[in-house]
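Trainee: Provided herewith is a single structure, encoded as structure tokens, for subsequent inquiry.
Please treat every number below as a calculation from the coordinates, not as lab data. Bear in mind the structure is a predicted one, so any value in this text is a computation, not a measurement. Cβ: placed from backbone, ideal geometry, glycine included. Neighbour counts: every protein chain shown.
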Amino acid sequence: MPLFKRRNAQPSAEVDFTKLPRHIAIIMDGNGRWAKKRGLPRTAGHAAGAETFRTIATYCKEIGLDYLTVYAFSTENWKRPQEEVSAIMGLLKKYLLEAIGQMERDKVKMEFFGDLSPLTPELQELCQRTREISKHYEGCQVNICLNYGGRDELLRGAMAYAKDCMEGKADPNHLTQDQFGQYLFSRGVPDPDLVIRPSGELRLSNFLLWQSAYAEFYFTDVLWPDFSKEELHKAIAAYQHRSRRFGGV
Ligand code: IPE
Ligand code: IPE
Ligand code: MG
């Protein structure tokens, strides 16, 4: 046993693939800055970010991860200029059409967290179709958070629970955490073990507020379009060096 343990020792990027976290969540941030650095419009950054997402999602399935949840568009992102919002929605449509075309090959199960009703009927239908076609696939489940906000999710959960109470379907004097979890978009999905935020920002920005109560966090300055399998390895390796106590000793 060494006498002194180096406190800030950099964890090696060696991943133990037999001990992967069960659920990784990623805030896909930094597309705009990536584009700006190259003198490109922000939209080009979103297009590059969509490619990174495709690579990482396929890789997560390959290594046997059970769940991947990505933050694609927040309830706050509607504040952006109309052209940028439209461009993001256009990319989403392109991505979903391509994903549907390749589903038989990739076999990635896809779900959506968030209120999809403000999306165009065409986009809503594409999300629905993606979900339907892939619902029987085994292996990695990818959850795309669209028009998602943690607070919005909690309010919707509270309202749905109140409605069930009024209709006699739930007991207003008794509610467990597991029961309340059934009212959230993430129902049936275990909490994330690891939340990754690229782009250097050190905040949650309204992502998985309930679910990440005991998640491990990994922040990196790398911008999302530059995020790679190697970056994912670094995040998982760092996670594997953490000691999770969940309030115990
Ligand atoms: C994340 O990248 C994508 C969305 C929020 C839709 P940003 O567009 O936030 O990129 P930065 O943070 O401005 O660099
Ligand atoms: C969070 O990124 C939302 C997504 C990545 C979809 P933002 O860029 O919107 O977050 P802030 O504004 O930096 O907090
Ligand atoms: Mg951002």
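Trainee: With θ set to phi - 60°, apply the Karplus curve 6.51 cos²θ - 1.76 cosθ + 1.60 along the stretch 148-153 and write out the HN-Hα couplings as whole Hz, x wherever there is a Gly or Pro.
Mentor: The phi angles translate into 9, x, x, 5, 4, 4 Hz.
Trainee: Also: If amide hydrogens are placed 1.01 Å from N in the peptide plane, which non-local residues have theirs closer than 5 Å to the one on Met28?
Mentor: For Met28, whose amide H was placed from the backbone, the distant partners under 5 Å are Tyr71.
Trainee: Let me ask something else about it. Calculate one ³J(HN,Hα) per residue across the stretch 233-238 by plugging θ = phi - 60° into the Karplus curve 6.51 cos²θ - 1.76 cosθ + 1.60, and present them in order as whole Hz with x for glycine and proline.
Mentor: Listing the rounded values in order: 4, 4, 5, 5, 4, 4 Hz.
Trainee: Hey, rough spin-label estimate for Asp178 and Asp66, points 7 angstrom out along Cα→Cβ, what's it come to in nanometres?
Mentor: 1.4
Trainee: Still on this model: Which aspartates and glutamates have a Cα less than 17 Å from the Cα of Lys109, not counting those fewer than 8 places away in the same chain?
Mentor: Glu62, Asp66, Glu98, Glu125, Glu132, Glu138
Trainee: Placing unit charges on C-beta atoms (Lys and Arg positive, Asp and Glu negative, everything else neutral), compute the dipole magnitude of the chain about its Cα centre in debye, rounded to 20.
Mentor: On the way: 34 positive and 32 negative charges, 146 e Å.
Dipole of the chain, to the nearest 20 debye: 700 debye.
Trainee: Provide the per-residue ³J(HN,Hα) series for the stretch 21-32, in order, calculated from phi with Karplus coefficients 6.51, -1.76, 1.60 and θ = phi - 60°, each as a whole number of Hz, with x at glycine and proline positions.
Mentor: x, 7, 9, 10, 10, 10, 8, 7, 10, x, 4, x
Trainee: What nm distance separates the two modelled labels at Glu98 and Arg129, each placed 7 Å from Cα along Cα→Cβ?
Mentor: So the two model labels end up 1.7 nm from each other.
Trainee: Now, a different point. Starting from the Cα of Asp164, step 7 Å toward the Cβ, then list every residue of the stretch 176-197 with an amide N under 13 Å from that point.
Mentor: Counting backbone N atoms under 13 Å from the label point, the list is 176-188.
Trainee: Could you pull the Rg and Dmax for the chain, using just the Cα atoms, both in Å?
Mentor: Cα only, the chain: 19.1, 64 Å (Rg, Dmax).
Trainee: Still on this structure: Strictly over 24 Å apart at the Cα level, which of Lys93/Lys234; Lys79/Lys163; Lys36/Lys107; Lys61/Lys93; Lys94/Lys234 would you flag in this model? It would help to have the intermediate numbers written out before the result.
Mentor: Working: Lys93/Lys234 31 Å; Lys79/Lys163 31 Å; Lys36/Lys107 35 Å; Lys61/Lys93 22 Å; Lys94/Lys234 30 Å.
Lys93/Lys234; Lys79/Lys163; Lys36/Lys107; Lys94/Lys234, as the Cα separations exceed 24 Å there.
Trainee: Run the helix sum for the chain: -39,500 (n - 2.57) per DSSP H stretch of 4+ residues, divided by residue count, reported at 222 nm to the nearest 500 deg cm²/dmol. Write out the running numbers ahead of the final one.
Mentor: On the way: 8 runs with 101 residues, N = 249.
The per-residue figure over the chain is -13000 deg cm²/dmol.
Trainee: Please identify every one of the chymotrypsin sites (Phe, Trp or Tyr not before Pro) in the stretch 214-249 that sits in a loop by DSSP and has no more than 16 other beta carbons within 10 Å of its own beta carbon.
Mentor: Passing both the DSSP loop test and the Cβ count: Tyr214, Phe246.
Trainee: Skipping prolines and chain starts, which residues have an amide H placed within reach, meaning under 5 Å, of the one on Gln141, given they are 5 or more residues away or on another chain?
Mentor: Tyr67, Leu68
Trainee: All other residues with a Cβ under 14 Å from the Cβ of Lys163 taken together, and with Lys, Arg as +1 and Asp, Glu as -1, what is their net charge?
Mentor: Values: positive: Arg156, Lys169; negative: Asp164, Glu167, Asp171.
Surrounding charge for Lys163 is -1.
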